[in-house]
Ligand SMILES: Cc1ncc(COP(=O)(O)O)c(C=O)c1O
Ligand SMILES: Cc1ncc(COP(=O)(O)O)c(C=O)c1O
């Protein structure tokens, strides 16, 4: 049976061009980049070229890019090391962050005794700016704000320029989890009032197991993972050279094709929305119609229905991969903390469809028809 | 390998990825996208299934259960997780850790961080061969000791510690035993349970697998060992290490483990012969060649030699474009500090500075070894011919008695 992959927000399909770069590196750049012999130096040069490319793509200087094993590590490093090394006493965050941020914040509270405030969100998942401002103004000791750029489950986008300016005005450090936007939107850190942002290769058709943390050159933190002198003493461990090269290639391609991919994917999303709206009564969408929203994510709210319980599995039988909640918790059959925070009807079922340029309109129509068949069974021979 | 003219004798820094490993990984790039934690659709299942096969292959290589394998991004992260994770988890039992001066930076720097966090760390000395003294180890254990961390084999000298004896001491005193086995796994038999190791770190790229993936073995029964996660998130890897799993790399490491299990013994037999040849001929061709390490207890593919009165880095320059070896370990070889490992063995600065580590591997050929012998012989002779120190030495001047003045 054909498979339709509408789960790109969990992990995208790697681009063939990226695999090529990686396999070529596996076979040709096999030395340790820290070695001073010829082979080692060639590996070092390739890594530094990739670093320069990524820095250029996001408007950073090369000294501000640190490679990690992925989004989770980047976020952990930013939060835990900022708390430990910048004397942070309070963390302000939201209740709809990715689990890695939620739990890194909890660990920081446990290990360093910082206090936590969680800004509330509206029915679309956007954070309450007034509340954030009030909280920021009430803090007299060093504060770290960690608020995501775009939410991975519902796709709402927070205005990180505005949040960053509030942080600056109140002398707070600002980390933003940009894992869902790097490679999907142009990001220019030069124009963003932020201190730390994170990226993960596998969210933009790059490889798994590689990510980066951008650290504003004005902030100095120490490593999360100690050991060798790699990453200018900021992240020990032999560099994942193929991952680094693959991620750089993926980001170059993503930014190069930004306009065309965005238009293409947005059309897929808009089509799925209108097709579903026409076919299934009582359906709604977890998104703010008046705001820019991740073009890669459509979070659909299905009405209470006997078929809704096992909807993800049911779709799967029909060859469709989508998620309810985020991948990280879907094994644990727990409800989504994000959907819960939106405060809607708990009897409705939220499903995240997430797209890439590798999907087609035909797939969208097939999915809409399949869902219609599940929800609105036709009476035979009526 | 891409460039057959280059002779790669630096397999302790990193091994090339076996082509069979690359081949095993490819389908997981192309055909199976998916997040191994997305358990509700087959893309996720296929990824999960592949991870579980790899877990089995790795568990099989080291004789443990699948559930005892925690995937990380490499040995450095695994070392950090084991040390800091045990320190945090067993705080109530004590705060004292014992390790050795010749450990890798990943262990030493984690210990330094632990000291900053309120821990106490004892760094044991080693003898001239790089082995620790078992009595000193036992004497260092006290009521507050929670962990002993000793590497299985040293990355610079290849010296193998007496793991069973150390494990027995740890068991006798009821302390956990952790080992950085990065240099040993896949090359010699490393079964943690047979020697009483409770936590063991290793990495893909030192066993002909990919970079960007490593493992921490965590004993699950008798005793049940737990570590506090250092990277928090979605609760992957039984809550000990979060983050989307690097499926292709994990598959690659699994394949590398399966190959190692099948071929390790014959590889070791073949490569140790080549290593012995290299060592013997260099010692025959050249004067004043010293072996660093333990000739009776060492890895089959490694030899570390000091060529007296020849500066190692300079020597490397004489054949750098053709032969890859290292002086000191890769992580510190960009600096000109003498190797702290060799200093711990009791070498003077001069012998430490004149050391070269040769680490052979699965793809090393006899022809390459012959070429290396010729190049080294020529390089060392050339350097010595130019060296006034060598001249003085040959004239019988006691160099240690010479007083060098600053100018
Ligand atoms: C918003 C967000 N942050 C962080 C992560 C974690 O990234 P990774 O799984 O690469 O560690 C994800 C994806 O899983 C995400 O969607
Ligand atoms: C003994 C030992 N431990 C740990 C490491 C670190 O491994 P990695 O760089 O893969 O994290 C190395 C290699 O660099 C090593 O030789």
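Please count how many residues of the stretch A:208-239 are over 14 Å from residue A:73 (Cα atoms) and within 16 Å of ligand 2 (Cβ to nearest atom).
Selection size over the stretch A:208-239: 9.
Please verify whether the stretch B:211-231 includes one or more residues that are part of a loop (DSSP other than H, G, I, E, B), away from chain A (no Cβ under 14 Å), within 14 Å of ligand 2 (Cβ to nearest atom) and under 17 Å from the mean Cα position of the chain (by Cα).
No: the stretch B:211-231 contains no residue that is part of a loop (DSSP other than H, G, I, E, B), away from chain A (no Cβ under 14 Å), within 14 Å of ligand 2 (Cβ to nearest atom) and under 17 Å from the mean Cα position of the chain (by Cα).
With respect to the numbered conditions (1) more than 9 Å from chain B (Cβ to nearest Cβ); (2) under 21 Å from residue A:11 (Cβ atoms), which one is the sole condition not fulfilled by residue A:315?
Just one mismatch for residue A:315, condition (1).
Which of the numbered conditions does residue A:14 fail, given that it passes all the others? Conditions: (1) assigned to a helix (DSSP H, G or I); (2) more than 21 Å from residue A:151 (Cβ to Cβ); (3) within 16 Å of ligand 1 (Cβ to nearest atom); (4) facing chain B (nearest Cβ under 8 Å).
(1)
Does residue B:254 qualify as being modelled with pLDDT under 95 and either within 23 Å of residue B:84 (Cβ to Cβ) or assigned to a helix (DSSP H, G or I) (or both)? Walk me through how you get there before you give the answer.
Details: modelled with pLDDT under 95: no; either within 23 Å of residue B:84 (Cβ to Cβ) or assigned to a helix (DSSP H, G or I) (or both): yes.
Taking the combined requirement at face value, the residue does not satisfy it.
In the stretch A:69-102, what residues are under 23 Å from residue B:215 (Cα atoms), crowded, with 24+ Cβ neighbours inside 10 Å and either at pLDDT below 95 or away from ligand 2 (no atom under 16 Å from the Cβ) (or both)?
Matches in the stretch A:69-102: A:71, A:72, A:74, A:75, A:76, A:100.
Quick one: which of A:238, A:181 is more than 14 Å from chain B (Cβ to nearest Cβ) and at negative phi? Give the derivation first.
On the way: A:238 fails: more than 14 Å from chain B (Cβ to nearest Cβ).
Among A:238, A:181, only A:181 is more than 14 Å from chain B (Cβ to nearest Cβ) and at negative phi.
For residue B:277, work out the one condition from (1) away from ligand 2 (no atom under 16 Å from the Cβ); (2) crowded, with 21+ Cβ neighbours inside 10 Å; (3) under 26 Å from residue B:13 (Cβ atoms) it doesn't fulfil.
Answer for residue B:277: the failing condition is (2).
Quick check on the stretch A:246-266. Is at least one of its residues within 14 Å of another protein chain (Cβ to nearest Cβ), away from ligand 1 (no atom under 16 Å from the Cβ), closer than 30 Å to residue A:45 by Cα and in a loop (DSSP other than H, G, I, E, B)? Even if it seems obvious, please write down each step before you answer.
Step one: list which residues in the stretch A:246-266 are within 14 Å of another protein chain (Cβ to nearest Cβ), which gives A:246-247, A:249-250.
Adding the requirement that they be away from ligand 1 (no atom under 16 Å from the Cβ) leaves A:249.
Those still in the list that are closer than 30 Å to residue A:45 by Cα too: A:249.
Adding the requirement that they be in a loop (DSSP other than H, G, I, E, B) leaves none.
Looking through the stretch A:246-266, none of the residues is within 14 Å of another protein chain (Cβ to nearest Cβ), away from ligand 1 (no atom under 16 Å from the Cβ), closer than 30 Å to residue A:45 by Cα and in a loop (DSSP other than H, G, I, E, B).
Among the strands (runs of 3 or more DSSP E) lying completely within the stretch A:35-153, list those that include at least 2 residues that are within 14 Å of chain B (Cβ to nearest Cβ).
Those strands (runs of 3 or more DSSP E) span A:65-68, A:90-94.
Pull up the stretch B:102-124, narrow it to residues that are more than 14 Å from every other protein chain (Cβ to nearest Cβ) and in contact with a helix residue (DSSP H, G or I) (Cβ under 7 Å, 6 or more places away or on another chain), then point me to the one that is farthest from residue B:297 (Cα to Cα).
The first filter runs over the stretch B:102-124 and keeps only residues more than 14 Å from every other protein chain (Cβ to nearest Cβ), leaving B:102, B:120, B:122-124.
After this cut, where a residue has to be in contact with a helix residue (DSSP H, G or I) (Cβ under 7 Å, 6 or more places away or on another chain) as well, the list is B:102, B:122, B:124.
Numbers: B:102: 16, B:122: 24, B:124: 19 Å.
For the stretch B:102-124, the residue satisfying everything is B:122.
So in the stretch B:325-346, with the set limited to residues that are away from every other protein chain (no Cβ under 13 Å) and in a loop (DSSP other than H, G, I, E, B), which one is modelled with the lowest pLDDT?
Out of the qualifying residues, it is B:338.
For residue A:220, state whether it is more than 14 Å from chain B (Cβ to nearest Cβ), in contact (Cβ under 8 Å) with a residue 24 or more places away in the chain and in a loop (DSSP other than H, G, I, E, B).
Values: more than 14 Å from chain B (Cβ to nearest Cβ): yes; in contact (Cβ under 8 Å) with a residue 24 or more places away in the chain: yes; in a loop (DSSP other than H, G, I, E, B): yes.
Here the answer is yes, as residue A:220 does meet what is asked.
crowded, with 24+ Cβ neighbours inside 10 Å and either over 22 Å from the mean Cα position of the chain (by Cα) or more than 14 Å from chain B (Cβ to nearest Cβ) (or both): does that describe residue A:176?
On the way: crowded, with 24+ Cβ neighbours inside 10 Å: yes; either over 22 Å from the mean Cα position of the chain (by Cα) or more than 14 Å from chain B (Cβ to nearest Cβ) (or both): yes.
Criteria met by residue A:176.
The values are calculated or read from the model by the stated rules, or taken from the named source; none is laboratory data. Just so we're clear, the structure is a prediction, and the values are computed from it rather than from any experiment. No Cβ is skipped: glycine too gets one built from the backbone with ideal geometry, and neighbour counts run over all protein chains shown.
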